[in-house]
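This report concerns only the one structure given below.
The values are calculated or read from the model by the stated rules, or taken from the named source; none is laboratory data. These figures come from a predicted structure and were not determined experimentally. Here the Cβ positions follow ideal geometry from the backbone for every residue, glycine too, while neighbour counts run over all protein chains shown. Areas reflect the complete protein model, heavy atoms only, side chains present, ligands, DNA and RNA absent. Shrake-Rupley method; radii C 1.70, N 1.55, O 1.52, S 1.80 Å.
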Amino acid sequence: MTQLVADARAELVETLEALDTRLRWLSAWTVHNANHIREKRDGLKVGGHQASCSSITAIMAALYFHALRPQDKVAVKPHAGPVLQAIHYLLGNQSLEKLQRFRALGGAQSYPSRTKDNIPVDFSTGSVGLGVAITAFSSLVQDYLIAHGQMAEGDAGRMIALMGDAELDEGNIYECLIEGYKHDIRNCWWVVDYNRQSLDSTTADRMFRRFDDIFETCGWRVVTIKSGKLQREVFARPGGQALSDWIDNCPNAEFAALTYQGGAAWRARLKTDLADHPRALKLIDSFDDAGLAHLMTNLGGHCIETLIDAFDAAQDDRPTLFIAYTVKGYGLPLAGHKDNHSGMMNPGQIEQLRESLGIPQGAEWEPYGGIGDNQAARLKAFVANSPLSSKQGGDQAALPIPVPPSLPTPAGESQSTQAAFGNILLDLAKSGEPLADRIVTTAPDVTQTTNLGAFVNQRGLFRRAEVIDVFREAKIPSAQKWDGHAAGQHIELGIAENNFFLALTSLGLAGPHFGTRLIPVGTVYDPFIARGLDALNYGCYSDARFLLVGTPSGLTLGPEGGAHQSINTPLIGMGQPNLAYFEPAYADEVALTMRWAFEHLQQPDGSSVYLRLSTRVIPQVVRENDDWQADALKGAYWLRAPKPGAEAAIVFTGAIAPEVLSAWEQLAEDLPGVGLMNVTSPDLLHRDWSARHAARWTREGKGQSHIETLLSDLSPDAGLVTVIDGSPAALSWLGAVRGMRVSPLGITTFGQTGDLPDLFRTYRLDAEAIFDAAAELFL
Ligand SMILES: Cc1ncc(C[n+]2csc(CCOP(=O)(O)OP(=O)(O)O)c2C)c(N)n1
Ligand SMILES: [Mg+2]
């Protein structure tokens, strides 16, 4: 190294060290301010995680101000949110006011949030594990866009997760590793803040080195950043090896406890344990207590020089796990204490820290407080010139994809909604519509049984490297043609619903992340939505946009039995924010809602869409005109309009339509003019109704909700029978709209195997049960 290069590097290290200290202070002060200084009105603890932050400030300083390139995207472990805020404060992207309102309404969020924070947040985090795994899927999406000519290879960024070591306990991490290996992902870094402490305590020693094995098996390079530069230098001196071996063999809990206790405790313990190593004892004695404590905690994850070397050395595109050893609470009096996860410095302790950093009282919020003018100016210039500051703020704008004015309804007098869905996609696949080119389908090993197969046959599997369909080559007849190639549009996933929802999420963020929209369409057996529910919630929270198809659903799976018959998914559909749930009964409703979905996914105030479908083939209705459509897209329409002032109506959702129609025909004989309402979306209907109610108190104007309008065709004291192949609560609320009596039918206990007549009779969903329920209303 020439002297010039060495000098420049020394200056870089010094600068990054200064930034590390700034981040540690600012994050700690942000949490302190929220808890000890800002006025409290409710007696609640505000919270924040000073120890989790200080554990990772060096890693983040080295990454954000050195290794990161503008095209890279980062998921920051939830409890380091204040560090990310501090970085953007230094970059000038975050205001003092927002920091002062950390964890208060409108202030910086507790955990980085794409939608609620004002700073650029690439990935939301909070539910541990998910923010990590999403980066692997986003690297796959990036490869998809490159392969499809939507992105230049040279613009590829790294998808980086900064993760807590306890996140390695989450199963979704390993599900994602396996899937990532199958798809040969690249450009993905996971950096573990390996402080060996979780929320409750210190982590199991037995896992030492096991993570290396697991990741290496899955094709990852593992870089262990164990010792800092000082440790490495000292360990090379006489007696140093014994000290190094001692650290290697020290149980996590003991290392943490000694860290907390400090220099004198380190000395006492080392002297006992290394009594037989005179040279090591001499080495130990060459340090005073403070120096010894500093040496023993000089781990790689706190050593800027070691960190930048490690990052600089990983310049290819191989997925890489960095295990950076750290101390939770590093540089704070909380260091190493097993209760430090939610622990906080008291006012005396933060005062001491302020003084030790030379920050004058009143200058706590100064970005470069306590630093001489010259150095402050240097730091400021360095930050302003860092690659990160040229990063476009926030998300990229992506052009909308045109949606055809209508999607043709598949032909057939009898059809299931699931088959209709598959046929509509097939028609699209054969069309020259730009929309068809942007659809990406995916499924957790249920592609065929959810009717995605025809689309895949047309458009192929996505594989970076070509994969020949062996069965086709061997001329073995099969309905599925599964060639994989770079232009393929189906991402095949193994059977892990967490992965499925994370894949949908990352595909659904292609627009904001990479500037090109994709239309992700994912199918899953409806009951197994529950298996990936947190990942679904995560995707919705991140405002990713996708079309989710839960199929088959409900009792209509008949012989498949109770474990496969979904019951509460309508309530998930209704309760999940940023997800619009539809349950069409007929093929033309499927076409209508799919078209609506393709547009809604792209609206700034739109959302993801969930279709709950069925394999039950039912006779289709003959339409006289298209008048029903506008109402169907608001959530409900009269399939048989009631006579004005009618005394009753049957209200139903989904593939139970034949039983409902049959009951309606019987009823109509006794109660002429009885109405029959088809609720295509209990979700939209309910949202609209409750939003209008809320608006009465907060806004001018008292427009009527759609369901109020529909029900006003009935007599005010009419009765309703509601019917859904799912939890009856999805429709029973309709009685509250105009104060009508309701007799709700639906499923409240687990299903079982059987044919549909038996099941509908047993669970009281057949025409007779509907007729009885109506009669009961008038008794
Ligand atoms: C899915 C989920 N379960 C539980 C929690 C509560 N929780 C927050 S942080 C944490 C563990 C923190 O340990 P680690 O990941 O090692 O972070 P660090 O030590 O760096 O703070 C837990 C269990 C959560 N946020 N998400
Ligand atoms: Mg930890």
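Under 13 Å from the Cβ of Val76, count the other residues' Cβ atoms, weight Lys and Arg +1, Asp and Glu -1, and hand me the total.
Values: positive: Lys73, Lys77, Arg114; negative: Asp72, Asp117, Asp122, Glu167, Asp193.
Around Val76, the surrounding residues sum to -2.
Quick check on the chain: of the DSSP beta bridges with both residues there, what percent are antiparallel, nearest 5%? Intermediate values should be presented prior to the final figure.
Details: 9 of 69 bridges.
For the chain, the DSSP antiparallel bridge percentage is about 15.
Where the accessible area of the chain is counted over protein heavy atoms with a 1.4 Å probe, how much of it, in %, is carbon and sulfur?
52 percent
Distance between Cα centroids, the stretch 337-408 to the stretch 51-80: provide it in whole Å.
Computed from Cα coordinates, the inter-centre distance equals 10 Å.
How high is the FRET efficiency between Ala152 and Gln315 when r is their beta carbon distance and R₀ equals 22 Å, given to the nearest 0.05?
Efficiency computed from Cβ-Cβ geometry: 0.75.
Taking Cα atoms, how many degrees apart are the long axis of helix 171-182 and the longest axis of the chain, rounded to 10 and kept between 0 and 90?
Here the helix axis deviates by roughly 90 degrees.
Which of rounded, prolate, oblate describes the stretch 456-545, given a ≥ b ≥ c as roots of the alpha-carbon gyration tensor eigenvalues and a/c under 1.5 marking rounded, otherwise prolate only if a/b is larger than b/c?
Taking the square roots of the gyration eigenvalues as a ≥ b ≥ c, the stretch 456-545 is oblate.
Could you grab the relative contact order for the chain? Cα pairs under 8 Å, six or more apart, rounded to a whole percent.
11 percent
How tilted is helix 304-313 with respect to the longest principal axis of the chain? Cα atoms for both, answer in degrees (0 to 90, nearest 10).
60 degrees
In what sequence, highest mean first, do 739-749, 68-78, 478-488, 618-628 appear when ranked by Cβ atoms within 10 angstrom?
Listed from highest to lowest mean packing, they are 68-78, 739-749, 478-488, 618-628.
Counting only heavy atoms of protein chains, what accessible area per residue, in Å², does the stretch 42-181 have with a probe of 1.4 Å?
With all protein chains present, the stretch 42-181 gives 28 Å² per residue.
Order these peptides, 676-686, 329-339, 258-268, by their mean beta-carbon neighbour count within 10 angstrom, highest first.
Descending packing order for the listed peptides: 676-686, 329-339, 258-268.
Starting from 0.36 nm per residue, how many nanometres of slack lie between Ala10 and Lys380 once their C-alpha separation is accounted for?
131.4 nm
By a straight-distance test (C-alpha under 30 Å), which lysines pair with Lys73 as possible cross-link partners, with residues fewer than eight away in the same chain excluded?
Lys98, Lys116, Lys182, Lys226, Lys229, Lys328, Lys380, Lys391
Considering Cα pairs under 8 angstrom that are at least six residues apart, work out the relative contact order of the stretch 178-257 and quote it in whole percent.
33 percent
Add +1 for every Lys or Arg and -1 for every Asp or Glu among the other residues with Cβ under 9 Å from the Cβ of Gly460, and state the total.
Combined, the nearby Lys, Arg, Asp and Glu give +2.
By the scheme Lys and Arg +1, Asp and Glu -1, what is the net charge of all other residues having a beta-carbon under 9 Å from that of Thr417?
Computed value for this residue: 0.
Pull out a ≥ b ≥ c, the square roots of the eigenvalues of the alpha-carbon gyration tensor of the stretch 307-399, then state rounded if a/c is under 1.5, prolate if not and a/b is larger than b/c, and oblate in the remaining case.
oblate
At 7 Å along the Cα-to-beta-carbon direction for both Glu216 and Asp758, put a label point, then send me their distance in nm to one decimal.
5.6 nm
Any idea what angle helix 130-147 forms with the longest principal axis of the chain, computed on alpha-carbon atoms, 0 to 90 degrees, nearest 10?
Around 80 degrees separate the two axes.
In whole Hz and in residue order, list the ³J(HN,Hα) couplings for the stretch 340-347 that follow from phi through the Karplus curve 6.51 cos²θ - 1.76 cosθ + 1.60, θ = phi - 60°; x for Gly and Pro.
With coefficients 6.51, -1.76 and 1.60, one gets 7, 4, 9, x, 9, 5, 7, x Hz.
Express the relative contact order of the stretch 501-646 as a whole percentage, based on alpha carbon pairs under 8 Å and six or more residues apart in sequence.
Contact order relative to length: 23 percent.
Residue by residue through the stretch 715-723, what is 3J(HN,Hα) from phi via Karplus (6.51 cos²θ - 1.76 cosθ + 1.60, θ = phi - 60°)? Round to whole Hz and write x for glycine and proline.
With coefficients 6.51, -1.76 and 1.60, one gets 5, x, 9, 5, x, 10, 9, 9, 9 Hz.
Based on the mean of other Cβ atoms within 10 Å per residue, sort peptides 140-147, 224-231 so the most packed one is first.
140-147, 224-231
Around Cys188, which amide H atoms from residues at least 5 apart in sequence, or from another chain, sit under 5 Å from its own amide H, with H modelled in the peptide plane?
Met159, Thr320
Taking a ≥ b ≥ c as the square roots of the Cα gyration tensor eigenvalues, with a/c under 1.5 meaning rounded and otherwise prolate when a/b beats b/c, else oblate, which class fits the stretch 558-643?
Oblate shape, in that a/c is at least 1.5 and b/c is the bigger or equal ratio.
Where the eigenvalues come from the Cα gyration tensor of the stretch 91-198, what are the semi-axes √(5λ) of the equivalent ellipsoid, largest first, in whole Å?
Gyration-tensor ellipsoid for the stretch 91-198: 28, 20, 11 Å.
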